[in-house]
1. Just need a number here: residues in segment 2-18 that are in contact with a helix residue (DSSP H, G or I) (Cβ under 9 Å, 6 or more places away or on another chain) and among the basic types (Lys, Arg).
2. Can you say whether Thr81 is in contact with a strand residue (DSSP E or B) (Cβ under 7 Å, 6 or more places away or on another chain), under 19 Å from Leu7 (Cα atoms) and without any contact (Cβ under 8 Å) to a residue 12 or more places away in the chain, as far as the supplied structure shows?
3. Is it true that some residue in segment 21-41 is modelled with pLDDT of 90 or more, in contact with a helix residue (DSSP H, G or I) (Cβ under 7 Å, 6 or more places away or on another chain) and either of a type outside the set (S, T, N, Q) or under 26 Å from Met70 (Cα atoms) (or both)?
4. Which number in (1) modelled with pLDDT of 90 or more; (2) surrounded by 15 or more Cβ atoms within 10 Å (Cβ to Cβ); (3) in contact with a strand residue (DSSP E or B) (Cβ under 9 Å, 6 or more places away or on another chain) marks the one condition that Asn90 misses?
5. Working only within segment 4-26, note down all residues that are more than 15 Å from Gly135 (Cα to Cα) and crowded, with 18+ Cβ neighbours inside 10 Å.
Amino acid sequence: MPATKKLATRAAVEDYVAGFSADDFARFSGYYAKNAIESISDIVAHLNIPALEDKSLTGYIAWLKTMHTMVSEELVPQNITFEQSGRQVNVDYHVQLRGLGDFSTENFNGRLGPVSRGTGPLAQMSLTYQLNSDGHLIGI
């Protein structure tokens, strides 16, 4: 359920990320503002995911669920910075990708390198989360 949790502390960011990494959509969607769920296509449209054709929330979740049958994705926050305004959180991540089952590719997502059963790249990623005045996610 959206707008039940605030992304205002390191522990909250870690909980959001743990929910994402575990494919616990109910857990991490609680951090989104109610209106963000309605306008999530604007958020998703700005994510740099070449394989994602349907930029709607439904399309993103369907893509994510499919991807996570081929590859596990563990995000580990390295640096979390809260802007003084309380309206923005910057997070630097290490992202460990590992192939699942028989999935194998020489260049995952066209840029991250080889992935096969139990192995894959450790990538770095930085995301900026936009928050409303109540501390709920409205953009990435």
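1. 2
2. Numbers: in contact with a strand residue (DSSP E or B) (Cβ under 7 Å, 6 or more places away or on another chain): yes; under 19 Å from Leu7 (Cα atoms): yes; without any contact (Cβ under 8 Å) to a residue 12 or more places away in the chain: yes.
The answer is yes for Thr81.
3. No, segment 21-41 contains no residue that is modelled with pLDDT of 90 or more, in contact with a helix residue (DSSP H, G or I) (Cβ under 7 Å, 6 or more places away or on another chain) and either of a type outside the set (S, T, N, Q) or under 26 Å from Met70 (Cα atoms) (or both).
4. So Asn90 meets the others, but not (2).
5. Passing the criteria: Val17, Gly19, Phe20.
The values are calculated or read from the model by the stated rules, or taken from the named source; none is laboratory data. Computed from a prediction, not measured in an experiment: that's the story for all the values here. Please note: Cβ atoms are built from the backbone with ideal geometry, for glycine as well, and neighbour counts cover all protein chains shown.
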